[in-house]
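In what follows, a structure is listed as structure tokens, so that the remarks can point back to it.
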């Protein structure tokens, strides 16, 4: 009986590791950074904000089309969703690895 449970857990671990790789790949495929809208002197300016190590880099984008604004907003929402899923699957992988080592009561 115990071998069946370990087999199911091992299969679930394999699936979770594959999901983790897919989420990480999807995160890398999204555009880097997000758009920041600043109003300076009554005019609207758009900047691409991204992080390089500890530095936050603001890159002037100039005139930005509404389509590009929507694309960056969608990417920001998708990134937040993927980060949440990735966090959940990492916790699941850590738990399953512990269970397969015999540290958890099955």
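Read-outs: derived from the displayed coordinates by stated rules, not from any lab. Quantities reported herein were computed from a predicted structural model and do not represent experimental measurements. With ideal geometry, Cβ positions are generated from the backbone for all residues, glycine too; neighbour counts draw on all protein chains shown.
Apart from one condition, residue 75 fits all of (1) out of contact with any strand residue (DSSP E or B) (no Cβ under 9 Å at 6 or more places or on another chain); (2) touching a residue at least 24 places away in the same chain (Cβ under 8 Å); the exception is (1). Within the stretch 59-106, the set of residues being over 13 Å from residue 9 (Cα atoms), over 19 Å from the mean Cα position of the chain (by Cα) and surrounded by 13 or more Cβ atoms within 10 Å (Cβ to Cβ) comprises 61, 64, 68, 69.
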